[in-house]
1. Using the Karplus curve 6.51 cos²θ - 1.76 cosθ + 1.60 with θ = phi - 60°, work out ³J(HN,Hα) for each residue of the range B:113-123 in order, rounded to whole Hz, and write x for Gly and Pro.
2. When Cβ neighbours within 10 Å are restricted to other protein chains, what is their mean count per residue of peptide A:513-520?
3. Pop the C-beta distance of residue A:252 and residue A:374 into the FRET formula with R0 = 22 Å and round what comes out to the nearest 0.05.
4. Return the long-range amide H neighbours of residue A:585 (sequence gap of 5 or more, or a different chain), with a cut-off of under 5 Å between placed amide H atoms.
5. Roughly how many debye, to the nearest 20, is the charge dipole of the range A:589-645 about its Cα centre, given +1 on each Lys and Arg Cβ, -1 on each Asp and Glu Cβ, and no other charges?
6. For chains B and A, what's the summed buried accessible area, probe 1.4 Å, to the nearest 100 square angstrom?
7. Roughly what angle does helix A:560-580 make with the longest principal axis of chain A, taking Cα atoms, 0 to 90 degrees, to the nearest 10?
8. How large is the helix-only mean residue ellipticity at 222 nm for the protein assembly as shown, computed as the sum of -39500 (n - 2.57) over DSSP H runs with n ≥ 4, divided by its residue count, in deg cm²/dmol to the nearest 500?
Amino acid sequence: MSDPHGAVRIGVYTCHCGTNIAATVDVKALAQFAATLPHVVLSRDYKYMCSDPGQELIRQDIRDHDLNRIVVASCSPHLHEHTFRTALKVGGLNPYYFHMVNIREQASWVHVDKAQATRKAQDLVCAAVRRVAFHQPLERGRVAIHPDVLVLGGGIAGIHAALTLANAGKHVFLVEKEPTIGGHMAKFDKTFPTLDCAACILTPKMSAVRSHPNITLWTYSEVTRVDGYVGNYKATVLRHPRYVDEDLCAGCLECLDACVYKQAKVPDEFNMRLSKRKPIYIPFPQAVPQVPVIDPETCIQFKSGKCKKTCIEACGDRHAINLHAEPEIEEIEVGTVILATGFQTFDAARIPYYGYGKYPNVYTALEVERLVNASGPTGGEVILRDGRKPQTVAIVHCVGSRDENTHRWCSRVCCMYSLKLAHLIKEHTGAEIFNFYIDMRTPGKGFEEFYQKLLNERVHFIRGRVAEVTDWELDPSEEGKLVIRAEDTLAGFVRRIPVDMVVLATGLEPRADAPEVRRIFNISCASEGFFLERHPKLAPVNTFTDGIFLAGCCQGPKDIPDTVAQAGAAAAEALALIDAGYVETEPNTAHVEEAVCCGCKTCISMCPYRAISFVNEIHKSRVNEVLCKGCGTCVAACPSGAVRQHLFEDDEIFAEIEGVLSNA
Amino acid sequence: MPEDLKPKPDEFEPRIVAFFCNWCTYLAADLAGTSRIKYAANAEVVRVMCSGRVDVQFILKAFAKGADGVLIGGCHPGDCHYQEGNYKALRRFRLVQRLIRQMGIEEERLRLEWISAAEGDRVRVVVEDMVKTLKRLGPLRKPGQPNLLEVA
């Protein structure tokens, strides 16, 4: 075979990864096999190639043996390709004279037979050796990072991330779907395990968002479209009309009193429909912004056009109310995005045998959060829908969690919030409280101590999943009560416990609109529907789309401390990008060999980024490498082979195909 | 070792070249690894950035060089990292299916699957199923038969 590459000198490095690879792939045999392949001048195996001594091995060999191509057979390139490319660079070699062979995730971990796994690893190494001979030196491009940040979601995660960035001097666009920021946390009374008041720690942060000069807050708004790439995203934000101008409104709320509805008649979403609001309303007294919103579904003027419009009268000279307001579209440019879109609670009505929606005294935990809240619908009094004070309360854990029929995951917060609610209900009513649990999960700072405190407060804990909630009484003691039927798995018999009130500890699930958000931002979801992080341990707030970060429960169930920590991490990741000022781009872009291009324009229709233009003067296509994202679709479509892709050249892939099939 | 994963001597072991896109199916194969899901060692992965990069020539080259089957893995429709490369892959796949049929290659030897980054187990299901199919079909090139694809 004549050598088209000059003096190609390949070094092959096989990693044991402790025993992760070595247990299933015969690494010694693999290294010996690699040494026999064409152009390979050196083949080594080493315990941990990614460690500093492992990398040093490569750097030293490049110098000592004049290596000019490197193949590392170890884990997934998604984990350590960057590590080894950097080692090449430090060793004085162009980092793209490198190819990585995945013999861990895609060989040793998925196969059981050592001979087969080793044979497959040999094929893959052979493919890489053949491929790398064709590699060309490449340079990474640089893209400037726009310093502004888009934070989507105004719960505690979004608020914390926005404030962190704004305090660092970056401009943040905080976009929230609801008319107020605050998210779920604004609905809570106390937070576990410290029992500090949720409002006291949240509302100051909410008003800080409102008054911060570096934050543009758009509530009642959603992102409808995102274009661009890391450093240069263009987002379209749809601002729904609230019919009260945010700039003109002073927040006096006189329009609320003036509404022709003297009594509030519309179920109040913020209070979980346990109270009523008017068609013009403010979600809750500490809402940010402190601007009412008109609900066109229930406002008489919108429905019939025959209202006296007393709200406008009350507003007087401010003229803040504009019933003809239209949706507004804002176009913004940002460099990075933090998604903090949160969660929704499991719909308890999906489990019919727990009687939610059937028995009025079955509540969800979030409803009870509002009941125990001093600013809630009952002023903090725990009273049933019929006005009675409950004497006995059952808290049913794991509703929509750890259940094959609904969601298999543990929602992480329910044990702790159930303990908190047990404490609060007992404090407010003195009721006897029964917790029905599968396992108590209290693995946070101060959590187990809180559990002990509840045990000392003589709250009852019964280990067993509740079979049903029924009003079918068997004896007079159960009359007029809800009966919990559950197997007490510690005592070993089925119990019937009559109670006045049932609290369903509903789990956390991905929001219904998560798939839409995912599509708009082009990120991945895990199988259960939460957004997928780039790496569960090493890149927990990154996504596979550069410049887009995750914070809070949109990534998975978590409590407030973890959410805030993650929001801080996401802000730090964004800051790191912004302060670097630029990001290096992968060089795997397409380019046109003008001498070969016949000007058929096939490639142009292939490109979703309009990166290819037609140069009329020379009748050829041309790729704008800044716009090109490197998918290679145009390359595969070009009938004359004129469009080529760096790092994925036809020659390279053909060599790879021949390599994997070399012993077929 | 599960019984069905044990290699049986003398049994035909089909060779599959798998073109997996970097963002969905390659990650699914990585996830299968981190989840320690066990499956047949017959498929060998060639990573491409997008299923849209899979050139008709790659498929023909693989068949010509001894593959008994070719698997293309991409993101689910609507989920492509590059917006619509997977649709282009689908179009090309349909074309190649017709082409190989005319060459006397069974259509089942070429397979296109949408496997998202979260579907590690789907990689196992697809590979195992394809191995089963190919074992039923037997080797693409019977001993002594000329290789009509060698020109590719």
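The values are calculated or read from the model by the stated rules, or taken from the named source; none is laboratory data. Being a predicted model, the structure only gives us computed values, none of them experimental. All Cβ positions, even for glycine, are placed from backbone atoms using ideal geometry, and neighbour counts span all protein chains on display. SASA here: full protein model, heavy atoms, side chains in, ligands and nucleic acids out. Shrake-Rupley method; radii C 1.70, N 1.55, O 1.52, S 1.80 Å.
1. The phi angles translate into 10, 9, 10, 7, 4, 8, 9, x, 5, 5, 4 Hz.
2. 1
3. The pair residue A:252/residue A:374 has a calculated efficiency of 0.40.
4. A:141, A:142, A:143
5. I would put it at about 160 debye.
6. The contact between A and B buries close to 4700 Å².
7. Between helix and principal axis, roughly 40 degrees.
8. Using -39500 (n - 2.57) per qualifying helix, the result is -9000 deg cm²/dmol.
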